[in-house]
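The values are calculated or read from the model by the stated rules, or taken from the named source; none is laboratory data. In this text the structure is predicted, and so the values were computed from the model without any measurement. Here the Cβ positions follow ideal geometry from the backbone for every residue, glycine too, while neighbour counts run over all protein chains shown. The area values use the complete protein model at the heavy-atom level, side chains included, leaving out ligands, DNA and RNA. Shrake-Rupley method; radii C 1.70, N 1.55, O 1.52, S 1.80 Å.
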Amino acid sequence: MSGPETANGHRRVLYVIACGSPLARHVGRLVDLAQREGWAVCVVTTPDGAKFVDRTELARQTGHPVRTHYKNPGDLDVLPPADAMLVCPATVNTINKWAVGITDTLALGLLIEAQGMGVPIAAVPYTNEAMAAHPAFRASLDRLGQWGVRVVFGDHVVRLHPPGTGERRADAFPWDAGLAALRGADRPVAPVG
Ligand SMILES: Cc1cc2nc3c(=O)[nH]c(=O)nc-3n(C[C@H](O)[C@H](O)[C@H](O)COP(=O)(O)O)c2cc1C
């Protein structure tokens, strides 16, 4: 299958970043779809995202360790550099912190650095209707969108659910939506500023 490749024929690297939502339990489905599109995939989780994923299975599936925390000074990088990033599921917490430039998790540090380097990034928030109603969340999505982040959000993607029902609705999630937003993302976006 043809897929995202660099000029020298290597597979392009996609970082899938999973935040603290029950949807993250099923992120292996996204990994599978991305690999079928030709991406080499690495999974990064937030510390809360780590509570939901099966690290061993994802490491087996991707061939790379799942990273969650910043490395220690002097440690070598264990992941190849990213050609694109996809935050899915993206929590309200991570979206809001990202929009104001906070880097207190590895996931946020990677995103904010990648954004500054013009790496294509898509974000697919998953949350309930109560959390999504907070005005800061909408403002953060708008800001990220204005800066070139491909924000995939709204009823056309997945309908907001009542609090406490996110786990039940995970089966209906359209895992392809974030990947579709990255198709054609061969050109870097202009860095912010
Ligand atoms: C069981 C459970 C389910 C949650 N589901 C979501 C969710 O779907 N979306 C969301 O934005 N936050 C959800 N949260 C809240 C986040 O996990 C919380 O805000 C956390 O600080 C997110 O951290 P992170 O953004 O670093 O992953 C959930 C929390 C729990 C305990």
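Based on this model, can you work out whether residue 79 counts as part of a strand (DSSP E or B), of a type outside the set (Phe, Trp, Tyr) and more than 10 Å from the ligand (Cβ to nearest atom)? Give the steps one after another, and end with the answer.
Details: part of a strand (DSSP E or B): no; of a type outside the set (Phe, Trp, Tyr): yes; more than 10 Å from the ligand (Cβ to nearest atom): yes.
Against the criterion (part of a strand (DSSP E or B), of a type outside the set (Phe, Trp, Tyr) and more than 10 Å from the ligand (Cβ to nearest atom)), residue 79 does not qualify.
Can you find even one residue in the stretch 163-179 that is without any contact (Cβ under 8 Å) to a residue 60 or more places away in the chain and touching a Gly at 6+ places or on another chain (Cβ under 6 Å)? So far as the stretch 163-179 goes, no, none of its residues is without any contact (Cβ under 8 Å) to a residue 60 or more places away in the chain and touching a Gly at 6+ places or on another chain (Cβ under 6 Å). Looking for something surrounded by 14 or more Cβ atoms within 10 Å (Cβ to Cβ), of a type in the set (Asp, Glu) and either within 15 Å of the ligand (Cβ to nearest atom) or free of Cβ contacts under 8 Å to residues at least 60 places away in the same chain (or both) - is there at least one such residue anywhere in the stretch 2-13? For the stretch 2-13, residues surrounded by 14 or more Cβ atoms within 10 Å (Cβ to Cβ), of a type in the set (Asp, Glu) and either within 15 Å of the ligand (Cβ to nearest atom) or free of Cβ contacts under 8 Å to residues at least 60 places away in the same chain (or both): present. I need the full set of residues from the stretch 71-102 which are under 19 Å from residue 22 (Cα atoms) and open to solvent by 50 Å² or more (accessible area, probe 1.4 Å), in order please. Within the stretch 71-102, just 93 meets the criteria. List, please: which pairs have Cβ atoms under 9 Å, are six or more places apart or on different chains, and start with a residue in the stretch 21-45 that is within 19 Å of residue 110 (Cα to Cα) and end with one that is within 11 Å of the ligand (Cβ to nearest atom) and of a type in the set (Asp, Glu)? These pairs meet every condition: 24/48. Scanning the stretch 163-181 for residues that are modelled with pLDDT of 90 or more and open to solvent by 50 Å² or more (accessible area, probe 1.4 Å) gives 163, 164, 176. Residues in the stretch 103-146 that are part of a strand (DSSP E or B) and more than 10 Å from the ligand (Cβ to nearest atom) were compared, and the one that is farthest from residue 89 (Cα to Cα) is 121. With respect to residue 68, is the statement that it is of a type in the set (Ser, Thr, Tyr), surrounded by fewer than 21 Cβ atoms within 10 Å (Cβ to Cβ) and closer than 30 Å to residue 129 by Cα true? Spelling it out, residue 68 is indeed of a type in the set (Ser, Thr, Tyr), surrounded by fewer than 21 Cβ atoms within 10 Å (Cβ to Cβ) and closer than 30 Å to residue 129 by Cα.
Among the residues of the stretch 23-49, those identified as near the ligand (Cβ under 10 Å from one of its atoms) and open to solvent by 30 Å² or more (accessible area, probe 1.4 Å) are 47, 48.
Scanning the stretch 137-154 for residues that are over 24 Å from residue 184 (Cα atoms) and either open to solvent by 40 Å² or more (accessible area, probe 1.4 Å) or touching a Ser or Thr at 6+ places or on another chain (Cβ under 7 Å) (or both) returns 138, 139.
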